[in-house]
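I have placed the structure first, in the form of structure tokens, so that the comments after it can refer back to it.
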Amino acid sequence: MFQNASNFAIHGGTFIIVSKDEKEEIHKWLNAPDCTTNFQAADDKRTEGTGQWILSEPEYIKWKQSPSMLWIQGKAGSGKTILSTTIIRNLRQIAPEHIWYHYFDSRDNTNSKSTFRGYLLSLLLQVGANRTGIHPTLKELYDECNRGGLVASSPATKDLAMVLKEILETTGGGYIVLDATDECCEMPEIFEWLQSLPKQFCILFTSRYSPWTEGCFMISLDNGSAQIDEDIAKYLEMEVKKFLSGGDLKVEVINTLKEKAQRQFRWVDCQLKVLKNCGSPKTVRKALKNLPKDLEETYSQARQRTLERAENKEDAHHLLLWLTYAFEPLTVREIADILTINLEDSCVDGKATEMELQLI
């Protein structure tokens, strides 16, 4: 047990100094998913002043002060990722060298962020490589895989699990934050591995309901959490004023979305994107009267609008395929260039114009 979260002891934490080239080779060999992009995306979306209430929750304070497991449970779109990002920021201030995190993300087209192996690689890169060098246990695994060949072989998942556990045991304890564990396709393996760790770690999950987290401390976002309603209200005030300067319509938009949100940030965000594109107060009010009842209906309507608004439905279908199977998010320029590809004649119809870029 530890009374002050900033007082984790460092045991056996000597890192081997390696050349810049070798460090890059080890990073390339690990090929770990980069969850800093998830953290940054969520942090950029966060409205100032929202999510801070989680840091004062009694369950969170208790968890932070004593090694245990805490589950933040909530339905899809309820802001769990924003909360986990708020928590990571808080823990970085308390114990910057003892906070490790992973975002399970089924939207990642490499599929690496939603697997047990991807999780191991993600944490191993964070805990096993730092500014000064490489942890000797990780270096030993690399050397073993690199023996007798020009290119290091890929390490076995069981070896990654063992090495990560060994390195974590040398840290003396810390915080592990796992966002969206319900998007992981191998949660039983992860939960079993976490339970094998020494009782030195504070482990936090966010997810929808999952039997794997029963018995943990729990903060439920579904049972009348007034703080989420307040966060949604702050978010609406900030966002609606970007396209409605004031008056009765602004109040009507805010009140209607607050009333129908059902504590789902993502639902609110989707409706705002539609309302911003309405050309007049009349069309805004019409949209407010025909709001989708849930996220599933929201996504269905969005797909239908994409097809209906496209002058060429083949372009829309073509673009959706690229967005679905791209290995990383596409830039506006890349999307514009994709639309110049003529699949029928297997050629490219010139470069995207500035007007096309603006329309996208």
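The values are calculated or read from the model by the stated rules, or taken from the named source; none is laboratory data. Keep in mind that this is a model prediction, so the values were computed, not measured. Positions of Cβ are generated from backbone atoms using ideal geometry, with glycine treated the same way; all protein chains shown enter the neighbour counts.
Can you tell me how many residues within the stretch 127-140 are in a helix (DSSP H, G or I), in contact with a Gly (Cβ under 8 Å, 6 or more places away or on another chain) and closer than 13 Å to E25 by Cβ? Of the residues in the stretch 127-140, 1 are in a helix (DSSP H, G or I), in contact with a Gly (Cβ under 8 Å, 6 or more places away or on another chain) and closer than 13 Å to E25 by Cβ. If you go through the stretch 135-167 and keep only what is closer than 18 Å to I16 by Cβ and touching a helix residue (DSSP H, G or I) at 6+ places or on another chain (Cβ under 6 Å), you end up with H135, T137, L138, L141, Y142, A152, P155, V163, L164, E166, I167. Number of residues in the stretch 31-55 that are within 24 Å of E237 (Cβ to Cβ), under 11 Å from the mean Cα position of the chain (by Cα) and among the charged types (D, E, K, R): the value is 1.
When the residues of the stretch 36-55 are filtered to those that are in a helix (DSSP H, G or I) and β-branched (V, I, T), the one that is surrounded by the fewest Cβ atoms within 10 Å (Cβ to Cβ) is T36. It is to be established whether one or more residues within the stretch 14-22 are under 25 Å from G172 (Cα atoms), surrounded by fewer than 21 Cβ atoms within 10 Å (Cβ to Cβ) and out of contact with any Pro (no Cβ under 8 Å at 6 or more places or on another chain). Scanning the stretch 14-22 turns up at least one residue that is under 25 Å from G172 (Cα atoms), surrounded by fewer than 21 Cβ atoms within 10 Å (Cβ to Cβ) and out of contact with any Pro (no Cβ under 8 Å at 6 or more places or on another chain). Would you confirm, using the coordinates I've provided, whether P33 is part of a loop (DSSP other than H, G, I, E, B) and touching a strand residue (DSSP E or B) at 6+ places or on another chain (Cβ under 6 Å)? Judged against the criteria, P33 is not a match. A residue that is farther than 30 Å from E237 by Cβ and at pLDDT 75 or above cannot be found anywhere in the stretch 273-288.
Would you pick out the residues in the stretch 217-262 that are among the acidic types (D, E), under 23 Å from the mean Cα position of the chain (by Cα) and not in a loop (DSSP other than H, G, I, E, B)? D229, E230, D231, E239, listed by residue number. Residues in the stretch 15-55 that are hydroxyl-bearing (S, T, Y) and within 13 Å of T81 (Cβ to Cβ): 2 in all. In this structure, is M238 loosely packed, with under 14 Cβ neighbours inside 10 Å and not charged (D, E, K, R)? It is true that M238 is loosely packed, with under 14 Cβ neighbours inside 10 Å and not charged (D, E, K, R). Determine, yes or no, whether A95 is modelled with pLDDT of 90 or more, closer than 30 Å to L320 by Cβ, among the aliphatic types (A, V, I, L, M) and assigned by TED's automatic domain parsing to the domain that holds S122. Spelling it out, it is not the case that A95 is modelled with pLDDT of 90 or more, closer than 30 Å to L320 by Cβ, among the aliphatic types (A, V, I, L, M) and assigned by TED's automatic domain parsing to the domain that holds S122.
I'd like the full set of residues that are assigned to a helix (DSSP H, G or I) and surrounded by fewer than 17 Cβ atoms within 10 Å (Cβ to Cβ), limited to the stretch 167-192. Those that are assigned to a helix (DSSP H, G or I) and surrounded by fewer than 17 Cβ atoms within 10 Å (Cβ to Cβ): E169, P188, E192. Only one of these conditions is not met by L123: (1) touching a Leu at 6+ places or on another chain (Cβ under 7 Å); (2) surrounded by 23 or more Cβ atoms within 10 Å (Cβ to Cβ). Which number is it? Every listed condition holds for L123 apart from (2). Yes or no: the stretch 11-22 includes at least one residue that is in a helix (DSSP H, G or I), closer than 26 Å to A156 by Cβ and modelled with pLDDT under 90. Within the stretch 11-22, one or more residues are in a helix (DSSP H, G or I), closer than 26 Å to A156 by Cβ and modelled with pLDDT under 90. Can you pull out every residue in the stretch 87-107 that is outside any loop (DSSP other than H, G, I, E, B) and either in contact with a Lys or Arg (Cβ under 7 Å, 6 or more places away or on another chain) or aromatic (F, W, Y) (or both)? Of everything in the stretch 87-107, those that are outside any loop (DSSP other than H, G, I, E, B) and either in contact with a Lys or Arg (Cβ under 7 Å, 6 or more places away or on another chain) or aromatic (F, W, Y) (or both) turn out to be I99, W100, Y101, Y103. When the stretch 64-80 is filtered for residues that are surrounded by fewer than 22 Cβ atoms within 10 Å (Cβ to Cβ) and either of a type in the set (D, E, K, R) or assigned to a helix (DSSP H, G or I) (or both), the ones remaining, listed by number, are K64, Q65, K75. Among the criteria (1) buried (at least 16 other Cβ atoms within 10 Å of the Cβ); (2) among the hydrophobic types (A, V, I, L, M, F, W, C); (3) without any contact (Cβ under 8 Å) to a residue 12 or more places away in the chain, the one F205 does not fulfil is (3). Every test in (1) surrounded by 14 or more Cβ atoms within 10 Å (Cβ to Cβ); (2) assigned to a helix (DSSP H, G or I); (3) free of Cβ contacts under 8 Å to residues at least 60 places away in the same chain is passed by L197 save one, and that test is (2). Scanning the stretch 263-278 for residues that are part of a helix (DSSP H, G or I) and exposed (fewer than 14 other Cβ atoms within 10 Å of the Cβ) yields a total of 2.
What do you reckon, is L141 crowded, with 20+ Cβ neighbours inside 10 Å and touching a residue at least 24 places away in the same chain (Cβ under 8 Å)? Answer is no for this residue. Per the listing L124, L83, the residue uniquely among the aliphatic types (A, V, I, L, M), more than 16 Å from the chain's Cα centre (by Cα) and not in a loop (DSSP other than H, G, I, E, B) is L124.
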